[in-house]
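The next block holds one structure in the form of structure tokens; read it before the comments.
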Amino acid sequence: MVFERKMLTYGDPEDEEEDVPAEEEEEEEEEEDMVDPLETIRTKCEQTEHCVHYKERLETCEARVGSKTSTLEECTEELFDFLHARDHCVSHKLFHSVK
């Protein structure tokens, strides 16, 4: 169990940063270096042929809707199709990289 050291200070907020022990600074740097495998796999899946097709359809719809001043059309179907294709790809690859 990790306990955080909290202090109440009245004054300059820069003084609070100086009171942080070196161990806590190292932990913060390690956390910044960590990469979420889900985001990495999502990026790779978005580049597959199947997902690229749905992404192009979504972008076409967004361009069409954005060019009109008044429309009831939304790109919900295209968005859901793209997300479904991407998540289907991710589901096959994600748990191979989880420890």
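The values are calculated or read from the model by the stated rules, or taken from the named source; none is laboratory data. Computed from a prediction, not measured in an experiment: that's the story for all the values here. With ideal geometry, Cβ positions are generated from the backbone for all residues, glycine too; neighbour counts draw on all protein chains shown. The area values use the complete protein model at the heavy-atom level, side chains included, leaving out ligands, DNA and RNA. Shrake-Rupley method; radii C 1.70, N 1.55, O 1.52, S 1.80 Å.
Some values worked out for this structure:
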quantity: Tally, over the stretch 75-87, of residues that are of a type in the set (D, E) and either over 25 Å from the mean Cα position of the chain (by Cα) or surrounded by fewer than 11 Cβ atoms within 10 Å (Cβ to Cβ) (or both); calculated: 0
quantity: Total residues in the stretch 36-56, condition open to solvent by 90 Å² or more (accessible area, probe 1.4 Å) and under 13 Å from R86 (Cβ atoms); calculated: 6
quantity: 3 or more residues among the aliphatic types (A, V, I, L, M) and at pLDDT 90 or above: qualifying helices (runs of 4 or more DSSP H) within the stretch 1-75; calculated: 49-67
